[in-house]
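Heads up: the structure comes next, in structure tokens.
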Amino acid sequence: KVVLGIESSCDETGVGLVRVDNSGAVELLADEVASSVELHARYGGVVPEVASRAHLEAMVPTMHRALRTADLRLADVDAIAVTCGPGLAGALLVGVSAAKAYAAALDVPLYGVNHLAGHVAADTLEHGPLPKPCLALLVSGGHSQLLRVDELASKITEIGSTIDDAAGEAYDKVARLLDLPYPGGPPIDKAAREGDPRAIAFPRGMTGPRDAKFDFSFSGLKTAVARWVEARERSGEAVPVADVAASFQEAVADVLTAKAVRAAEELGIGTLVISGGVAANSRLSALAAERCAAAGIQLRVPRPRLCTDNGAMIAAVGAHLLLAGSAPSSLELSANPALPVHTISV
Ligand code: ATP
Ligand code: MG
Ligand code: FE
């Protein structure tokens, strides 16, 4: 069966196509993404109205590109999956409305799915079915969470999350402090390669003995970087951008990997999946590989293209729902900007 996935929760319009057979294998057929990130760059963050309008313009062309890439026609589509939350209300509505229109016109089942389950499912497109259970570290522009995944289609439980900023958000804010462009992850990753990760001892948030074991905090780290940079500027010295970037990046990677490995050990889970835009970070994946190997944990990180928002990961959730025989959504489906992660399909 062919499942079409639509993603529009933030600033990427994504349309993906996957093929699923009864053995449970999910094959990636197409993954087309149109991003409005350049339109937001000069504001230093996503502007919701601009994002919604960009989705509206990109949706149908992106759909046609995906079908062309897969060499399929709309009539070949057996089911449609769409992100219905969490995300920006107006942006989500563009995808949900398009999905409902296509599902009604083609007379195929519609599945409203959770964006975060999509980020986890992305890995199945590269590395095959997930072992059960597995632990997922989801780190993106809007989220930083540790999830226990018992069943991709039906049981995901949050065991920890950020109490303030998301990891990607911290990257974006620190990039701004260093006069690096938005989004901040890639330029900080690049600058850090020339810097010393031990140059500055930035704080590791939420790692005290009384802090919740699996929660994160990145706002103190961001503030510490701001104070450090300000002090330098006041004293008239040049800011060593590469050292600040490397030291900041080390603090983020240290906390994320330490907590993820500890969670896997305490819950007795043998596989860790890292996904979301920040999973593309070179230091995070290197440190995770080191610590997982030492702890005997299998590490899975999808390629960067599948880590950031895309429609194929949403199609992959749809494929798992189809395999599990889950009930489709009604055509009354609406967007839920605050959809909780344990609600995998609506
Ligand atoms: P969400 O999925 O939570 O709704 P989002 O869609 O904005 O949020 P993604 O597209 O998955 O998130 O990820 C974007 C984030 O990833 C940005 O904050 C960006 O700075 C960060 N990022 C991208 N590449 C890297 C990298 N190499 N290192 C660190 N961060 C990165
Ligand atoms: Mg994005
Ligand atoms: Fe995302």
What do you reckon, is ALA238 touching a helix residue (DSSP H, G or I) at 6+ places or on another chain (Cβ under 7 Å), within 18 Å of GLY195 (Cα to Cα) and aliphatic (A, V, I, L, M)? no
With criteria (1) among the polar types (S, T, N, Q); (2) under 23 Å from LEU221 (Cβ atoms); (3) touching a residue at least 24 places away in the same chain (Cβ under 8 Å), SER285 comes up short on (3)
In the range 235-255, residues that are crowded, with 18+ Cβ neighbours inside 10 Å, more than 20 Å from the chain's Cα centre (by Cα) and among the β-branched types (Val, Ile, Thr) total 2
Sole miss for ALA288 among (1) in a loop (DSSP other than H, G, I, E, B); (2) within 20 Å of GLY141 (Cα to Cα); (3) more than 13 Å from the chain's Cα centre (by Cα) is condition (1)
Counting only residues in the range 83-115 that are surrounded by 24 or more Cβ atoms within 10 Å (Cβ to Cβ) and among the polar types (S, T, N, Q), the one farthest from VAL46 (Cα to Cα) is identified as ASN114
A careful count of residues in the range 67-83 that are assigned to a strand (DSSP E or B) and either polar (S, T, N, Q) or without any contact (Cβ under 8 Å) to a residue 60 or more places away in the chain (or both) gives 1
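Condition first: of a type outside the set (A, V, I, L, M, F, W, C), over 20 Å from LEU267 (Cβ atoms) and either surrounded by fewer than 23 Cβ atoms within 10 Å (Cβ to Cβ) or more than 14 Å from ligand 1 (Cβ to nearest atom) (or both). Can you find one or more residues in the range 157-166 that meet it?
yes
Restricted to the range 130-163, and to residues that are of a type in the set (Gly, Ala, Ser) and in a strand (DSSP E or B), which residue is farthest from the chain's Cα centre (by Cα)?
Of the range 130-163, the ones of a type in the set (Gly, Ala, Ser) are 136, 140-142, 144, 153-154, 160-161.
Those left that are additionally in a strand (DSSP E or B): 136, 144, 160-161.
On the way: ALA136: 11, SER144: 9, GLY160: 16, SER161: 14 Å.
Filtering first and then ranking leaves GLY160.
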Of ARG227, ARG283, ARG232, the only residue that is modelled with pLDDT of 95 or more and surrounded by 19 or more Cβ atoms within 10 Å (Cβ to Cβ) is ARG283
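The values are calculated or read from the model by the stated rules, or taken from the named source; none is laboratory data. Note that the structure is a prediction, hence the values are computed from the model and not measured. No Cβ is skipped: glycine too gets one built from the backbone with ideal geometry, and neighbour counts run over all protein chains shown.
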